[in-house]
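Colleague: Pasting in a structure now, in structure tokens, and then I'll have a few things to ask.
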Amino acid sequence: MTLRFVFHYPEANGPDGDVLDAGPLPEVAAAAERAGFAALSLSEHPVPGARWLTSGGHQTLDPFIALAFAAAATERLRLLTYLAVAPYRNPFVLAKAAATLDKLSAGRLILGLGAGYQKSEFHALGVDFDERNALFEEVLDVLPLHWSGEPFTYQGRHFSARDVIARPRPVQDPIPIWIGGNSKVSRRRVAERAQGWMPMSGSAGLSATARTPMLGSVAELAEQIAELRESADGRRVDVAHSYQQAGTAEPDRHREKFAELEDVGVTWVVVSCPARSAAATLEFLEDFGAMYLT
């Protein structure tokens, strides 16, 4: 099996609890690397709505700062924003954060991006929710210009950059951009402008909350992956699938599922655990690694 696995740092659901209940981030990152995981991921919600939290939403760390912290405790682990909301930031600030993290980690960042879905969070940040897709396109325009390290000019909806130049250049050329979401627009963006797709799996309720079409069977996923890669003119496109039932019980069933996902074109599998203590998280990582990654 050539699938690579991402460990998503467990999230603190609800308004209570601490974002580090699952364990100190450097310790968890180092344990994930030892266990054989290829990447560590964190999500982003800078100011989530209270109603969303009480209905099962989660708090997060700032993913760029947290992944930099994880990078310092590891040597090879890739660092995935799963995902950062592109319209929340001025694109130059986003590009600078990504380039800095890639430089400091010696080229280990994967920049996972999405359009976002929480209206209350957009309002709190002063970003027009109805502009989110246009703002996302601007981000995708600006990132390669910023990362080139060469002078450029770009006129955005709410900013004007004239003859600017930004350093550092990232180590990777380019930093891989993975785009999340199940819509045709998301897949078009991947085919035209990115290196990876992060389809969202889960319940109909989750899809409705995230404002993205529900992803059905593996057969449907296979069809969408095939269409995506055809649209990308044969260019390599990674596919990161969130595996909701990850665990160490019934290992044969999980191995069969992983093999099925690989057969339809998935290249990365994202797993997590409902741990609320460092001991539980570290036990999961050790057991999962021994069972599936060695």
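Colleague: Test of understanding: what is the full-extension gain from ASP163 to ARG193, defined as 0.36 nm times their sequence separation minus their Cα-Cα distance?
Modeller: This chain segment gains 8.4 nm when fully extended.
Colleague: Now for a separate question. Assuming R0 = 45 Å, what is the FRET efficiency of GLU223 and ASP287, from their Cβ-Cβ distance, to the nearest 0.05?
Modeller: The pair GLU223/ASP287 has a calculated efficiency of 0.85.
Colleague: Next question. Return the lysines within reach of LYS184: Cα separation strictly under 23 angstrom, same-chain partners fewer than 8 residues apart disregarded; answer none if there are no such residues.
Modeller: LYS119
Colleague: Would you mind telling me which residue in ALA240, ALA161, ALA86 has the biggest mean-square fluctuation in a Gaussian network model of the chain, where springs connect alpha carbons within a distance under 10 angstrom?
Modeller: Of the options given, ALA161 has the highest mean-square fluctuation.
Colleague: Next question. Kindly state, as a whole number, the per residue volume in cubic angstrom of the convex hull around the alpha carbon atoms of the stretch 41-251. Walk me through the intermediate numbers first.
Modeller: Details: hull volume 30.0 nm³, N = 211.
Given the Cα convex hull of the stretch 41-251, per-residue volume reads 142 Å³.
Colleague: Only counting other Cβ atoms within 10 Å, I'd like ILE175, ILE65, ILE110 sorted with the fewest neighbours first. Mind showing how you got there, number by number?
Modeller: Numbers: ILE175 21, ILE65 12, ILE110 26.
In order of increasing Cβ crowding within 10 Å: ILE65, ILE175, ILE110.
Colleague: Two decimals is fine: what is log10 I(q)/I(0) at q = 0.20, 0.22 Å⁻¹ for the stretch 1-93, from a Debye sum with one equal scatterer on every Cα and no solvent?
Modeller: Debye curve over Cα of the stretch 1-93, log10 I(q)/I(0) at q = 0.20, 0.22 Å⁻¹: -0.98, -1.10.
Colleague: Counting DSSP beta bridges in the chain, what percent are antiparallel, to the nearest 5?
Modeller: 15
Colleague: Something else now. As I understand it, the value is the acute angle between the Cα axis of helix 25-35 and the longest principal axis of the Cα atoms of the chain; what does it come to in degrees, rounded to 10?
Modeller: For 25-35 against the chain, the angle is about 60 degrees.
Colleague: Bin by bin, in steps of 5 Å, what percent of the Cα pairs in the stretch 83-174 do you find, going until the bin that has the longest distance?
Modeller: 2, 14, 25, 22, 18, 12, 6, 0
Colleague: How big is the shadow of the Cα convex hull of the stretch 146-289, averaged over all directions, in nm²?
Modeller: 12.3
Colleague: Using only Cα atoms, tell me the angle between helix 251-263 and the longest principal axis of the chain; keep it within 0 to 90° and round to the nearest 10.
Modeller: It works out to around 30 degrees.
Colleague: Find the eigenvalues of the gyration tensor of the Cα atoms of the stretch 120-202, then list the square roots of 5 times those eigenvalues as equivalent ellipsoid semi-axes, largest first, in whole angstrom.
Modeller: Each semi-axis is √(5λ); the values are 24, 19, 11 Å.
Colleague: A follow-up question, please. I want to verify a result. In a Gaussian network model of the chain, Cα cutoff 10 Å, which of these has the top mean-square fluctuation: GLY265, GLY181, GLY14?
Modeller: Highest fluctuation of the listed residues: GLY14.
Colleague: To continue, here is another question. Take the alpha-carbon centre of the stretch 1-21, take the same for the stretch 55-103, and report the distance between them in whole Å.
Modeller: If we compute the Cα centre of each part, the gap is 14 Å.
Colleague: For the stretch 89-137, divide the Cα radius of gyration by the Kirkwood radius and give the resulting Rg/Rh value with two decimals.
Modeller: 1.06
Colleague: Ok, one more. Which residue, SER183, SER272, SER160, tops the fluctuation ranking in a GNM of the chain built on C-alpha contacts under 10 Å?
Modeller: For the chain, modelled as a Gaussian network with Cα springs under 10 Å, the answer is SER160.
Colleague: What's the angle, to the nearest 10 degrees (0 to 90), between helix 218-231's Cα axis and the longest principal axis of the chain?
Modeller: Value to nearest ten degrees: 30.
Only the coordinates and a few stated rules stand behind these numbers; no lab work does. Just so it is clear, the structure is predicted and the values come from calculations on it, not from any experiment. Methodologically, a virtual Cβ is constructed for each residue, glycine included, from the backbone with ideal geometry; neighbour enumeration extends over all protein chains shown.
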